[in-house]
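Worksheet: one structure, shown below.
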Amino acid sequence: MSSIVQQIQHRTGRVTLDALAAVGRFGGLVGEMGRGLAEVRIWLPRTLDEAHNIGVGSLFIVLLISSFAGGVTALQAGYQFTGNIPIYVVGSLVTESIVLELGPVLVGLILAGRIGARYAAELGTMRVTEQIDALESLGRSPASHLLVPRVLACLLIIPVLVVFADITAVASGWLAAKAAMPITDQDFAYGARVFWRPFDAWYSLIKAFCFAGAIGLISCYRGYTTQQGAEGVGRSTTGAVVTTSVVILLLDLVLAQVLLNH
Amino acid sequence: MITIRDVAKRFGAQVVLDGVDLDVEEGETLALLGPSGTGKSVLLKTIIGLIRPDRGDIVVDGLSVPTLSRKALAGLRRKIGYVFQNGALFDSDDVFENIRLGLTDPDQFNDAAFAQERAAECLRLVNLAPETLQKMPSELSGGMRKRVGIARAIAGRPKYVLYDEPTSGLDPVNSDIIDGLIRRLNDELGVTGIMVTHDVRGAFRTADRIALLTGGKVIAQGTPAEFRASEDPQVRAFLERDFASASI
């Protein structure tokens, strides 16, 4: 019995120490990136390249998913709001639910898979093939060459993609609502405006920005700290996607509490 | 000059280096021989500060590597070129960008004309055609990748070059080219080199001195002639195995 207790204590201690070590390494990496920001001539062109790559590469999937999401939201709203509820509420519901929640969260989760997996795999491969060691051996900072551009590209492009997603989803919701129920353009537009507050757009952008930070930082951390060859790259990649997705949902909850319910 | 004193390193329960002592004089090429898994590459990485030893000291040009600040270490690394076992070329950049990253002086790095000229010059030094500059690493053979790795390591005119298994996985012809190149860099540019290798014949052809690392320690060192004449059973066993396989 006492040996079981000891095993549990040992395991708990090990997990705690590992978690603290990971927090320390993550903090160290963020500090390193802070120092890397001084090398503007190194990270600026790479950031623009990265931003172009992830922006152009992700646009189609973001628009596709957001148009489906908008359409489904409108159809489900139409299904639920029968009876005495005014039809223009469909416009309110579609717009608010997309801008406040679906747009940023869906895009965040998609890009956690698309960009997060890519960054973790790229950096993990660079780690196990000694490319990161090579950069350090040349007296260069991996932070300014590899990490800062990726994180900044996320912070720059993901909010823009969320804006595109919001617009596309509302537009497709509008079209779907018109096709499936007796709602006019005026009804939908009135509904969209009646509960709208300018802060809603800011809230969407703040969420997008936080999710972008999570995607960039976590995927870079997981990739950068990869160990043990190809298997390690696989573990980092899946770990980056899973961790980022969970953190996005956690941030979603925290931001809703902090920004909407204070 | 590089001075290594009582350097020890372990990974988990595995002791890799266990009190290594070694001196590398300026202008010489030292070949570090030893069986696989004896910590030769780890030792090379401790010299450049990529791995921190658990114990001991490594002094390069009067600077104690394990105690250097981040900035001082980056400064020291600019004096040391490192040739990685598989080239470690940045696979998203072409050969020119790879070699350009070896230009450790920021002014030279940012001078496009100079960088182009220096990259072509480095390629010439490693017997590669200037057209190689535009190729991606994935378009290069194993031998070419190693040579581009050497070109990148020497682009910043380092005082020291550390070679990690420069001829492993290469055919004899390419191995000879690389060995000749290391010798030439030493003779013509006065580069001090440490070459980690399994290739005993290549080491004898290329190095001014040879050291044998086994069991986490340097157990023998000397000129190729002294090494060949050594009566140490471990040295004999290592040499005879290689020369015996060479004569088959």
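The values are calculated or read from the model by the stated rules, or taken from the named source; none is laboratory data. These figures come from a predicted structure and were not determined experimentally. With ideal geometry, Cβ positions are generated from the backbone for all residues, glycine too; neighbour counts draw on all protein chains shown.
Odds and ends about this structure:
- Which listed residue, of A:Tyr221, A:Tyr203, is within 26 Å of B:Phe11 (Cα to Cα), part of a helix (DSSP H, G or I) and among the aromatic types (Phe, Trp, Tyr): A:Tyr221
- Verdict on A:Ala176 being out of contact with any strand residue (DSSP E or B) (no Cβ under 8 Å at 6 or more places or on another chain) and closer than 16 Å to A:Ser97 by Cβ: yes
- Among (1) modelled with pLDDT of 90 or more; (2) among the hydroxyl-bearing types (Ser, Thr, Tyr); (3) touching a helix residue (DSSP H, G or I) at 6+ places or on another chain (Cβ under 7 Å) - the single one B:Tyr160 does not satisfy: (3)
- When B:Thr38, B:Thr67 are checked against the criterion of being over 21 Å from B:Ile182 (Cα atoms) and under 19 Å from the mean Cα position of the chain (by Cα), B:Thr38 stands alone in meeting it.
- Test result for A:Thr129, polar (S, T, N, Q) and closer than 25 Å to A:Phe211 by Cα: no
- Here A:Cys210 fulfils each of the conditions (1) over 30 Å from A:Ile85 (Cβ atoms); (2) touching a residue at least 60 places away in the same chain (Cβ under 8 Å) apart from (2).
- Residue selected from the stretch A:209-232 under the condition modelled with pLDDT under 95 and of a type in the set (Val, Ile, Thr), by the criterion surrounded by the fewest Cβ atoms within 10 Å (Cβ to Cβ): A:Thr225
- Test: residue in the stretch B:20-29 that is within 17 Å of B:Asp164 (Cα to Cα) and either touching a helix residue (DSSP H, G or I) at 6+ places or on another chain (Cβ under 6 Å) or of a type in the set (Gly, Ala, Ser) (or both): yes
- Cβ-Cβ contacts under 6 Å between residues 6 or more apart (or on different chains), taken from a first residue in the stretch B:134-151 that is of a type outside the set (Val, Ile, Thr) to a second residue that is part of a helix (DSSP H, G or I), are listed as B:Lys135/B:Val95; B:Gly143/B:Asn174; B:Ala151/B:Ile99; B:Ala151/B:Cys122; B:Ala151/B:Leu123.
- A:Asn84 satisfies every condition listed in (1) surrounded by fewer than 18 Cβ atoms within 10 Å (Cβ to Cβ); (2) within 18 Å of A:Trp174 (Cβ to Cβ) except (2).
- Test: residue in the stretch B:191-211 that is at pLDDT below 90 and farther than 22 Å from B:Leu30 by Cα: no
- Criterion (within 14 Å of chain B (Cβ to nearest Cβ) and either farther than 28 Å from A:Val258 by Cα or touching a helix residue (DSSP H, G or I) at 6+ places or on another chain (Cβ under 7 Å) (or both)) met by exactly one of A:Arg35, A:Arg11: A:Arg35
- Among (1) within 21 Å of B:Gly180 (Cβ to Cβ); (2) within 11 Å of chain A (Cβ to nearest Cβ); (3) touching a Gly at 6+ places or on another chain (Cβ under 9 Å), the one test that B:Leu103 misses: (1)
- Condition check for B:Val83: modelled with pLDDT of 90 or more and in contact with a strand residue (DSSP E or B) (Cβ under 8 Å, 6 or more places away or on another chain): yes
- Yes/no for A:Thr184 being within 14 Å of chain B (Cβ to nearest Cβ), farther than 26 Å from A:Ser245 by Cα and among the hydroxyl-bearing types (Ser, Thr, Tyr): no
- Residue within the stretch B:87-98 that is farther than 19 Å from B:Leu189 by Cα, within 14 Å of chain A (Cβ to nearest Cβ), of a type in the set (Phe, Trp, Tyr) and not in a helix (DSSP H, G or I) present: yes
- When restricted to residues that are surrounded by fewer than 22 Cβ atoms within 10 Å (Cβ to Cβ) and among the hydrophobic types (A, V, I, L, M, F, W, C), the stretch B:17-29 contains 1.
- Failed item in (1) in a loop (DSSP other than H, G, I, E, B); (2) surrounded by fewer than 21 Cβ atoms within 10 Å (Cβ to Cβ); (3) modelled with pLDDT of 90 or more, with B:Phe114 passing the rest: (1)
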